[in-house]
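Enquirer: One structure is given below, represented as structure tokens, and several questions about it will come after.
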């Protein structure tokens, strides 16, 4: 029997809370952006597959990434020890990868991998890294308010640009999304049709996986009880920053409690990626520096619960 790990020390002044937490009025805008298969596969191999073992491995489902900007009006803990402490606002920007968990080479489960995430909130940063294992960084973000026009989005980060011994860290714009042609919006009354549209896009590529029966069952179950299954690569370095004192693949579902509204836009959008040497998203995912077209732009206003992270493969 493996040794029981020690209890986490919750000393005065520690802000590490216990999940789950409730997100109210999460106003999310999403854009599918084409990457490159070899870059995405390399990223997955250098993260998730480092902790894979036995018959389990992980593979990207598509060359499309999903870029989201989400303004969460109210976040509070649902855990009895922390739910009376208060609430906070959070804005996050995420590059998601659709991921297949493979068992003996066959698709067993579909996950969404938040491979790159920036937040505007130090509390969310600390808890996201320590409890869930998110690859988080602080940022400044501009995006529309609820009901606003989806015409401009911006992400700026403190970073080194360019890499030189004399470069001082400064604020740099990393991503912009600009509406280049106005259009109408196609509203959905539920989560089902929006998900169907997304998977139709992802499965339209020649290099996409052909979904088997297990995957189709999972998708159908998700339509009845909608949730986004997140997969995360959680690790902590040793004091030299060389070895990992902990490294594993974990799973945390985002359970959608209510969809206030959902819509897909017919207008045209461009994603503009700036070169910032600290965050080379062009190298990580094969996104194009400069401007490229955004596919299937959508907006969802929802409430959801972020559940605890559990190990997919116990260490």
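The values are calculated or read from the model by the stated rules, or taken from the named source; none is laboratory data. In this text the structure is predicted, and so the values were computed from the model without any measurement. Heads up, the Cβs are rebuilt from the backbone with ideal geometry, glycines too, and the neighbour counts pull from every protein chain shown.
Enquirer: Among what's in segment 132-149 and is assigned to a loop (DSSP other than H, G, I, E, B) and under 20 Å from the mean Cα position of the chain (by Cα), pick the residue that is nearest to residue 116 (Cα to Cα).
Expert: Narrowing segment 132-149 to residues assigned to a loop (DSSP other than H, G, I, E, B): 133-135, 139, 143-149.
Next, from what is left, pick out any that are under 20 Å from the mean Cα position of the chain (by Cα): 133-135, 139, 143-144.
Values: 133: 12, 134: 8, 135: 6, 139: 12, 143: 18, 144: 21 Å.
By that ranking, first place goes to 135.
Enquirer: From 42, 36, which residue is touching a residue at least 12 places away in the same chain (Cβ under 8 Å), more than 21 Å from residue 257 (Cβ to Cβ), out of contact with any strand residue (DSSP E or B) (no Cβ under 6 Å at 6 or more places or on another chain) and surrounded by 12 or more Cβ atoms within 10 Å (Cβ to Cβ)? Working first, answer last.
Expert: Working: 42 fails: touching a residue at least 12 places away in the same chain (Cβ under 8 Å).
The match here is 36.
Enquirer: Is it fair to say residue 101 is surrounded by fewer than 17 Cβ atoms within 10 Å (Cβ to Cβ) and touching a strand residue (DSSP E or B) at 6+ places or on another chain (Cβ under 7 Å)? Reasoning before the result, please.
Expert: Values: surrounded by fewer than 17 Cβ atoms within 10 Å (Cβ to Cβ): no; touching a strand residue (DSSP E or B) at 6+ places or on another chain (Cβ under 7 Å): yes.
For residue 101, the condition - surrounded by fewer than 17 Cβ atoms within 10 Å (Cβ to Cβ) and touching a strand residue (DSSP E or B) at 6+ places or on another chain (Cβ under 7 Å) - is not met.
Enquirer: Can you tell me which residue is surrounded by the fewest Cβ atoms within 10 Å (Cβ to Cβ) among those in segment 283-315 that are within 27 Å of residue 263 (Cβ to Cβ), modelled with pLDDT of 95 or more and touching a helix residue (DSSP H, G or I) at 6+ places or on another chain (Cβ under 9 Å)?
Expert: Top of the filtered list is 288.
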